[in-house]
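Engineer: Sending over a structure as structure tokens; questions will come in a sec.
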Amino acid sequence: MNITDDIISIKGVGEKTATCFHKLNIFNIRDLIFHIPRSFTLYEGPVIPTPSDNGETKAVRVYFKMNSFSSVKKGHLNISHVTAVCNGKNIYLSIFNMPYLKKQLKTDREYVIRGTLEVGKQGAFSMLQPAIFTYEQYEEIAGTLLPQYPLVKGLTNAAVTKAVRQVIDAIDIPDDGLIGDTDFASALRSIHFPQDMDSFIGARKRIVFHEFVSFLLQMRSDNNTGNIAFNEMMVETAQTTRLLEALPYKLTGAQQKCWADILKDMTSGKCMNRMIQGDVGSGKTIIAFLALILNASNAHQGCLMAPTEVLAKQHFENLCELNDRFGIGLKPVLLLGSMSAKAKNESYKEIENGEHDVIIGTHAVFQKKVIYKDLTLVITDEQHRFGVKQRESIIEKGDCVHLMVMSATPIPRSLAMIVYGDTSISVINEMPVNRIPIKNAVVGRGYRRKAYEFINDEIKKGNQAYVICPQVEEGEDSDLENVVDYAAKLEQELGPAINIAFLHGKMSTDMKNRIMSEFKDGNIDVLVSTTVIEVGIDVKNATVMLIENAERFGLAQLHQLRGRVGRGDKQSYCIFMTAKEDEKTNERLNVLKSTNDGFKIADEDLRLRGPGDLFGIRQSGEFGFLIGDIYNDADVLREADLYVQNIMKPENSDELARVNERLNDTCFNTVDFRSI
């Protein structure tokens, strides 16, 4: 068996299963073994439930009550209800879309149910969508760590596990060339099937080190614009000063300092390479506009890249409104991938002729056909959505280009200095004075009915709401809410008069743009979404955000998500709903109630994370890491930083070449850091 063999060569993988694997970008055995488990399930021994187990995942040994099985249909859902008995206590089960269980479950046989145990006000026990095993089946897996893989509909965790087991020891895994206590091949095998928690932690650390070294080498080998001399010295112009005086508001102190940093960079005679960090709504966009105005008033072209068409349109409309209102004299153009070929060609010609001094768009701005007459400034919004490769593609379209990148993701400064390397960093850590603080609530699932009523009341007032779920569809993790089923349930709860839609990253770009535009235009009342909306648009009418399974997200990401509400002049609310109401979870989530400062929250997130969070807290996918997390793995990041600094020294050039070659051979990351 060879690492390049097609996935269909694995025993038990037919064409139908192979098609499901393809949806996960798994086409050969190499892809499969680099499909890393996103978590593990420890199948602990069965317990007798007690009220203190509320919100905990437990395995319980049960019998099923005679004649207790019933089913009801609600929209797209078939909900089965059945009563299980443990030690004389009833446990009420609700199971979605599995009506066949009525024939399969026997009342004279012993089973083990496993799921989140909930305790009602009267002390009644219940479980939603538990896993059900015969007692004999559970005995076989009790005490083991079993991998849980990212899945798609039609592909079970058992099928992926079986396929990986067949190949993981049968192929030669190339070494990545990095020095460590564990070799890469052994770590990769252990990350799939660890003997115990200690072996998992060791394997995970080794692979995270691999990810971080790969990332830092790529970022630093390409991040060298800051010391390049600029061809023509820029000068401060009256246009920016007049605009600042004419604006109906005054920049915050943090904005003024940030603008002073940029002004100094752009008039220094060297190419700027600056990162602007600031919370959603802190006022980064006006700083970007000032830089574009300064650049244009020095008779040069500037470009602003946004990660989505909806956001690009928003930036373009806001700049045009500012341009017309204050008579700035810019000549902006919008460039999008969805434009017709005729419209694009016309814009290409005008850009090449220098008829436009500000170009705003998505990835369309760095396509080969776009030729700039005099490009000297590139600004990327939500910079981690554009990889080094993409930024390079547009920087190379000018002789000497100032680079400014913006991010609303708060990262502790100690880690930001590592991640962003030689990039200068400006922080906007103040919010505009007229911004109404968001009201926050941390609640358990028992509050869900009240949350729905509150959302309904806000919609009746003419407002809109977001609901955030951690996964796309059923099957990835039965303990987590998913977008597809949740939207269907919400339709039943809120009724047909309320327009509900869902959004997730697996949709086509056109579909995502259409839904986001519909929501912005007020045609959708409630948008059920994954974290794809963390890079979103200003919907001033959105006043409520409900985040399900809030315990599974990092604090910094939760803070960024809630920044999508509170964009207008209305009071806004964020409800953090958790399925786990223990002391540690409450301590973490209550940080969000105590402050709206994203950088304080990021520091607390770093302080409060620990080994127990390796499975529980989902990441945002920042920087494209598959398992690495700059919070949980801060020590590994620092170790990788020292390693990269050492091998990038001139005297270690041979070692650097060897490591780069080996890293390319292993191809661990299915996401290329240069194109994330």
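Engineer: Looking at the range 422-470, which of its residues are part of a strand (DSSP E or B), farther than 13 Å from Gly566 by Cβ and not β-branched (Val, Ile, Thr)?
Structural biologist: Once the filter is applied, which keeps residues that are part of a strand (DSSP E or B), farther than 13 Å from Gly566 by Cβ and not β-branched (Val, Ile, Thr), the range 422-470 yields Ser424, Ser426, Ala441, Gly444.
Engineer: So Gln571 ticks every box in (1) modelled with pLDDT of 85 or more; (2) farther than 19 Å from Pro432 by Cα; (3) not aliphatic (A, V, I, L, M) but one. Which box is left unticked?
Structural biologist: (2)
Engineer: Hey, can you tell me all the residues within the range 166-211 that are among the charged types (D, E, K, R) and farther than 14 Å from Val636 by Cα? So that I can check it myself, show each step before the final result.
Structural biologist: As a first pass, look at the range 166-211 and keep what is among the charged types (D, E, K, R): 169, 172, 175-176, 181, 183, 189, 196, 198, 204-206, 211.
Of everything in the range 166-211, those that are among the charged types (D, E, K, R) and farther than 14 Å from Val636 by Cα turn out to be Asp169, Asp172, Asp175, Asp176, Asp183, Arg189, Asp196, Asp198.
Engineer: On the given criteria, is Lys74 within 35 Å of the chain's Cα centre (by Cα), assigned by TED's automatic domain parsing to the domain that holds Thr134 and surrounded by 15 or more Cβ atoms within 10 Å (Cβ to Cβ)?
Structural biologist: Answer is no for this residue.
Engineer: Still on this model: Since Phe21 meets every condition but one in (1) in a helix (DSSP H, G or I); (2) modelled with pLDDT under 85; (3) among the aromatic types (Phe, Trp, Tyr), which condition does it not meet?
Structural biologist: Phe21 satisfies all of (1) in a helix (DSSP H, G or I); (2) modelled with pLDDT under 85; (3) among the aromatic types (Phe, Trp, Tyr) except (2).
Engineer: What residue, among those in the range 94-123 that are hydrophobic (A, V, I, L, M, F, W, C) and at pLDDT below 90, is farthest from the chain's Cα centre (by Cα)?
Structural biologist: Step one: filter the range 94-123 for residues hydrophobic (A, V, I, L, M, F, W, C), giving 95-96, 98, 101, 105, 112-113, 117, 119.
Narrowing further to those that are at pLDDT below 90: 95-96, 98, 101, 105, 117, 119.
Details: Ile95: 29, Phe96: 27, Met98: 31, Leu101: 36, Leu105: 39, Leu117: 28, Val119: 32 Å.
So, considering only residues that are hydrophobic (A, V, I, L, M, F, W, C) and at pLDDT below 90, the one farthest from the chain's Cα centre (by Cα) is Leu105.
Engineer: Continuing with the same structure: Can you name the number of the only condition in (1) touching a residue at least 24 places away in the same chain (Cβ under 8 Å); (2) out of contact with any Phe, Trp or Tyr (no Cβ under 6 Å at 6 or more places or on another chain) that Val112 fails?
Structural biologist: Checking Val112 against (1) touching a residue at least 24 places away in the same chain (Cβ under 8 Å); (2) out of contact with any Phe, Trp or Tyr (no Cβ under 6 Å at 6 or more places or on another chain), the one that fails is (2).
Engineer: Quick check, is Lys570 charged (D, E, K, R), within 24 Å of Asp457 (Cα to Cα) and assigned to a loop (DSSP other than H, G, I, E, B)?
Structural biologist: Yes.
Engineer: Also, quick follow-up: When you scan the range 398-419, how many residues do you find that are under 17 Å from Asp603 (Cα atoms) and either assigned to a loop (DSSP other than H, G, I, E, B) or of a type in the set (Lys, Arg) (or both)?
Structural biologist: 6
Engineer: Looking at the range 59-93, which of its residues are of a type in the set (A, V, I, L, M) and at pLDDT 90 or above?
Structural biologist: Ala59, Val60, Val62, Val82, Ala84, Val85, Ile91, Leu93
Engineer: Of all residues in the range 65-77, count the ones that are out of contact with any Phe, Trp or Tyr (no Cβ under 7 Å at 6 or more places or on another chain), part of a strand (DSSP E or B) and not hydroxyl-bearing (Ser, Thr, Tyr).
Structural biologist: Summing the residues that are out of contact with any Phe, Trp or Tyr (no Cβ under 7 Å at 6 or more places or on another chain), part of a strand (DSSP E or B) and not hydroxyl-bearing (Ser, Thr, Tyr) in the range 65-77 gives 3.
Engineer: Enumerate the pairs (first residue in the range 313-334 and of a type in the set (Phe, Trp, Tyr); second residue anywhere and at pLDDT 95 or above) with beta-carbon separation below 8 Å, excluding pairs fewer than 6 apart on the same chain, so at least 6 apart or on different chains.
Structural biologist: Phe316/Pro332; Phe316/Leu334; Phe316/Ile360
Engineer: Right, something else. Every residue in the range 248-266 that is surrounded by 12 or more Cβ atoms within 10 Å (Cβ to Cβ), closer than 18 Å to Pro432 by Cβ and over 31 Å from the mean Cα position of the chain (by Cα), please.
Structural biologist: Residue satisfying the conditions is Lys250 alone.
Engineer: Mind listing just one residue for me: the one in the range 613-641 that is of a type in the set (Gly, Ala, Ser) and assigned to a helix (DSSP H, G or I) and, of those, modelled with the lowest pLDDT?
Structural biologist: Gly616
Engineer: While we're looking at this one, here's another question. Going through the range 260-275 one residue at a time, which ones are out of contact with any His (no Cβ under 9 Å at 6 or more places or on another chain) and not in a strand (DSSP E or B)?
Structural biologist: Within the range 260-275, Ala260, Asp261, Leu263, Lys264, Thr267, Ser268, Gly269 meet the criteria.
Engineer: Please find, among Lys349, Lys313, the residue that is basic (Lys, Arg), in a helix (DSSP H, G or I) and at pLDDT 95 or above.
Structural biologist: One residue alone meets the criteria, Lys349.
Engineer: Could you check, for the range 480-501, whether at least one of its residues is assigned to a loop (DSSP other than H, G, I, E, B), free of Cβ contacts under 8 Å to residues at least 12 places away in the same chain and more than 23 Å from Glu453 (Cβ to Cβ)?
Structural biologist: no
The values are calculated or read from the model by the stated rules, or taken from the named source; none is laboratory data. Because the structure is a prediction, the values reported are computed rather than measured. Quick reminder, even Gly has a Cβ in these numbers, built from the backbone with ideal geometry, and neighbours come from all protein chains shown.
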